[in-house]
1. Tell me, what does the Kirkwood hydrodynamic radius of the chain come to in angstroms if you use every pair of distinct C-alpha atoms?
2. Let me check against my output: what whole-number percent is the relative contact order of segment 92-152, with C-alpha pairs under 8 Å and at least 6 apart?
3. Using Cα-Cα distances under 8 Å and only pairs 6 or more residues apart, what relative contact order does the chain have, in percent?
4. Report the FRET efficiency, 1/(1 + (r/R0)^6), for T72 and S119, where r is their Cβ-Cβ distance and R0 is 22 Å, rounded to 0.05.
5. Place a +1 charge on the Cβ of each Lys and Arg in segment 92-152 and a -1 charge on the Cβ of each Asp and Glu, then give the dipole magnitude about the Cα centre in debye, rounded to the nearest 20.
6. Once you charge only the Cβ atoms, +1 for Lys and Arg and -1 for Asp and Glu, what is the size of the charge dipole of the chain about its Cα centre, to the nearest 20 debye?
7. Once R0 is set to 41 Å, what does the formula 1/(1 + (r/R0)^6) return for the Cβ-Cβ distance between N129 and V35, expressed as a FRET efficiency to the nearest 0.05?
8. Quick check: pseudo-label points 7 Å beyond the Cα along Cα→Cβ at L83 and S65, how many nm apart are they?
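Each reported figure results from applying straightforward, stated rules to the coordinates on display, with no laboratory input. Remember, it's a predicted structure, so these values are computed and weren't measured experimentally. Methodologically, a virtual Cβ is constructed for each residue, glycine included, from the backbone with ideal geometry; neighbour enumeration extends over all protein chains shown.
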Amino acid sequence: MHKRVHPEVVDIGTSAGIVSAPESEVIWECSEGQVVNAGWIVFGLLGFWLILPLVMALWRIWQTSRHTYSLTSQRLRERVGVLNRDVEELELYRVKDLSVHQPLLQQVLGLGQVILITSDRSTPRVVLNAVPNPVGVADLIRRNVEACRVAKGVREID
């Protein structure tokens, strides 16, 4: 940016008396180029795109930690949600069938999915995802389903 400065008179004291001389005129003037901030600008742009996935990953971790299953002798409860909490309950006598599915990564980690087929209208299929020892959990559910049916005198009819 060119800034024009008007000449001013400056008093300079000398032995012969006071003499006035004009101040020099600014010929060229500019600020430092933004190229010196190139590293910070690139870091900021890349950092933004790295921070966004990090925030999303932390949100998913928080969501997953708030997704819980609990089994009682009568019901299976599934709690989901961080800001809004939903609780779904399944009466055990409504379970018609169950199976275990272990995707490769979950199998390596000793986890798996327990899949319940039910006669419940709101949740005909329930998936307990990434649970430890899925075969043991499926057996535990199966034993409690049978005990619940015997206690209530319920038989499943298709």
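1. 22.4 Å
2. With pairs under 8 Å counted, the relative contact order is 36 percent.
3. Contact order relative to length: 13 percent.
4. Using R0 = 22 Å, I get an efficiency of 0.70.
5. Approximately 260 debye in magnitude.
6. About 1540 debye.
7. Efficiency, from the Cβ-Cβ distance: 0.20.
8. 1.8 nm
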